[in-house]
Structure formats: C-alpha cells, structure tokens
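What follows draws every value from the coordinates through simple rules; no lab data is involved. Since this is a predicted model, take the numbers as computed values, not measurements. Counting neighbours? That spans all protein chains shown, and the Cβs are built from the backbone with ideal geometry, glycine included.
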Amino acid sequence: MVTWEDPAAGAGAATEMSGLECLRAIARGELPAAPMADLLGFGFHEIEEGRVVFECVPAEYHYNPIGAVRGGLACALFDSAMGCAVHTMLPAGVGYTTVELKVNFLRPITAETGRLLCEGATIHVGGRAATAEARLHDEGGKLYGHATTTCMIFREDSKERYVGESRR
C-alpha cells in the first residue's frame with residue numbers, strides 16, 4: 001500500500017519561507033516530504049546553501065525487467081538534488097522548475113550497490129535561470145553517474161509573463 005501526506009501543506013509553506021528554510025523543515029519532519037521521494041525511498045542527507053545531498057538504498061522494487069535499477073531512479077535523484085540546491089538559494093515566494101536535464105550513466109546500479117548519495121550543487125543562480133550539477137556515488141566514493149540542469153526561476157513579477165509565453 002502506498003500512502004503519502006498532502007503536499008499542499010509544504011507548497012503553502014514554501015511561499016512563506018526561503019527555500020533553505022523550507023527544505024530544512026522537511027528534513028526535520030515539520031513539513032511533509034515530496035510524495036515522489038517517499039514512493040521511491042529517498043530523502044535528505046545534507047542541506048546547505050547551494051548544496052543538497054539525497055540518500056537512497058536501491059532495492060529490487062527499483063529494478064527494470066533486465067535485473068538492474070531503472071535509470072529513472074537516478075534521474076529522480078539528480079533532478080531532486082539539483083533542483084533543491086537551486087531552491088536553497090531562493091527567497092520566500094520564489095519558485096523554480098526544471099527546463100532541461102542532462103544525465104550521464106556510468107555503471108549499473110543493483111540492490112548490491114548499497115546506499116547511494118546524490119550531491120547537487122548550484123553553478124549559477126540568476127534572475128530568471130539557474131544551473132546546477134550533481135554526482136551520484138556510493139559510500140566508497142565510486143561514481144555511478146553525473147548530471148547538469150537548467151531551471152527557470154519564477155519571481156512574482158515574472159509569473160504572469162512566463163505563463164502567457166507558455167500558451168503561445
């Protein structure tokens with residue numbers, strides 16, 4: 001059975017707290033985690049300004065039909081770590097979304113891999129766009145993949161313009 005907490009509470013709090021404060025509140029259990037993170041079995045390991053580390057222990061329920069962890073798990077970790085790293089740099093009421101994600105898989109992941117750490121860090125956070133990078137490695141430091149992203153930043157003065165442009 002899959003259960004989760006209503007994500008609306010966290011979304012509402014995000015308008016009142018900086019990104020760093022919001023993510024730390026999630027890590028402390030004061031706000032609900034993202035349902036996707038609960039479903040896939042990953043969570044925060046470290047959170048600081050411009051840098052976030054997620055941890056995950058791959059299991060058979062992450063497998064694809066050929067007996068390895070599906071690449072989507074790594075993609076979800078990359079997208080989460082990089083997006084959250086960007087989020088730590090944003091003030092209250094400012095949002096973001098992934099525009100582009102580039103992933104490089106380096107070796108297969110299995111249940112025997114053990115705990116993985118995905119470290120995301122910002123490269124640049126500007127007024128309308130941010131870039132970040134991430135690395136996925138095991139506890140021994142072996143690298144399983146790396147990624148980069150571009151995120152669009154939504155500030156109060158730009159929300160309507162972006163929404164209008166997306167309809168064209």
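Summary of values
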read-out: Degrees separating the helix 71-87 axis from the principal Cα axis of the chain, which is the longest one; value: 30
read-out: Net lengthening on full extension, His124/Asp6 (0.36 nm per residue, minus Cα-Cα); value: 39.3 nm
read-out: Relative contact order (%) - criterion: Cα under 8 Å, at least six apart; region: region 8-166; value: 23
read-out: Stretchable slack from Arg70 to Val103, in nm (0.36 nm times residue separation minus alpha-carbon distance); value: 10.5 nm
read-out: Cα-centred dipole magnitude for the chain, charges only on beta-carbon of K, R (+1) and D, E (-1), debye, nearest 20; value: 580
